[in-house]
Amino acid sequence: MKHQHPVFAWFYELATAHERLVGAAEMRGRLVGKLDGRILEVGAGNGLNFHHYRRTADVVAIEPDPYMWRRAERRTRTVGARVRLLGGEGEALPFKPESFDTVVSCMVLCSIPDAACALEEFRRVLKPRGTLHFAEHVRARAPWAAAAQDAISPLWARMFAGCHPNRDTVGAIERAGFRVEALATGVGGIVVRGHALAV
Ligand SMILES: C[S@@+](CC[C@H](N)C(=O)[O-])C[C@H]1O[C@@H](n2cnc3c(N)ncnc32)[C@H](O)[C@@H]1O
């Protein structure tokens with residue numbers, strides 16, 4: 001039952017149906033559109049990044065929620081890139097060390113129960129000097145906004161399948177031993193996109 005959220009999966013499909021209108025589809029293109037080689041996407045959700053990969057990309061995606069997985073699986077059949085979708089959790093990746101050139105994390109480190117553990121796993125499966133490409137919503141820099149995020153977090157997590165709006169995800173990436181090489185912020189500083197080198 002840990003990763004079974006049928007209502008959230010239904011709601012997410014609905015909420016993301018017109019994401020192009022708010023620039024989210026463009027963000028996905030910028031996140032994954034230039035990646036090549038062997039790529040691992042963690043927590044692929046309903047698979048909305050899949051059609052933004054280049055045709056030459058070799059993508060393995062994992063998604064633990066069967067309700068999301070089912071939707072993502074349908075999308076693997078309509079995209080140009082080779083996408084192999086598996087079950088699995090970010091905290092225990094079923095891959096040998098140094099298996100991937102790139103790990104992609106898109107709106108996922110807010111939801112993974114043990115994000116620090118998952119980031120260690122990302123490093124383990126990345127080849128030396130592999131990169132983590134991320135787009136995440138994060139803790140606000142303004143103290144009053146962060147306090148509001150802290151206050152709303154318990155209810156938010158219950159409503160949105162374990163999502164925590166108040167995580168210092170960029171700090172967690174750095175603490176896990178990545179060097180952040182590019183970082184763009186948006187939506188008043190609570191959405192970040194960038195990439196980080198496994199050092
Ligand atoms: C907000 S959705 C984002 C989905 C997708 N990445 C996207 O960009 O639309 C968060 C996803 O993280 C997944 N997730 C939750 N816990 C996870 C874990 N421990 N390991 C991997 N994925 C997880 C959820 O099942 C869900 O599909």
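The values are calculated or read from the model by the stated rules, or taken from the named source; none is laboratory data. What you see is a predicted model, and the numbers here were worked out from it, not measured in a lab. FYI the Cβ positions are ideal-geometry reconstructions off the backbone, even for glycines, and counts take in every protein chain you see. Side chains are part of the model used for accessible areas, which takes the heavy atoms of the whole protein and leaves out ligands, DNA and RNA. Shrake-Rupley method; radii C 1.70, N 1.55, O 1.52, S 1.80 Å.
Would you please name the residue that is nearest to the ligand (Cβ to nearest atom), looking only at residues in the range 57-69 that are out of contact with any Pro (no Cβ under 6 Å at 6 or more places or on another chain) and either assigned to a helix (DSSP H, G or I) or modelled with pLDDT under 95 (or both)?
Met68
Condition first: of a type outside the set (D, E, K, R) and open to solvent by 80 Å² or more (accessible area, probe 1.4 Å). Now tell me which residues in the range 75-93 satisfy that.
Within the range 75-93, Thr78 is the sole residue that qualifies.
If you take the residues of the range 160-187 that are touching a residue at least 40 places away in the same chain (Cβ under 8 Å), within 16 Å of His137 (Cβ to Cβ) and among the aliphatic types (A, V, I, L, M), which of them is surrounded by the most Cβ atoms within 10 Å (Cβ to Cβ)?
Among them, the one singled out is Ile173.
Among (1) at pLDDT 95 or above; (2) out of contact with any Phe, Trp or Tyr (no Cβ under 9 Å at 6 or more places or on another chain); (3) not aliphatic (A, V, I, L, M), there is one condition Pro6 misses while meeting the rest; what is its number?
So the condition that Pro6 fails would be (2).
State which residue pairs qualify: first residue part of a helix (DSSP H, G or I) and inside the range 71-82, second residue among the β-branched types (Val, Ile, Thr) in any location, beta carbons under 6 Å apart, and separation of 6 or more residues or different chains.
Hits for this filter: Thr76/Val83.
Any idea which of Leu126, Leu109, Leu119 is within 17 Å of the chain's Cα centre (by Cα), more than 15 Å from the ligand (Cβ to nearest atom) and among the hydrophobic types (A, V, I, L, M, F, W, C)?
Matching residue, one of Leu126, Leu109, Leu119: Leu126.
Here is a list of conditions, (1) closer than 24 Å to Leu35 by Cα; (2) in contact with a Cys (Cβ under 8 Å, 6 or more places away or on another chain); (3) open to solvent by 60 Å² or more (accessible area, probe 1.4 Å), and Glu120 meets all of them except one; can you say which number that is?
The number of the failed condition is (2).
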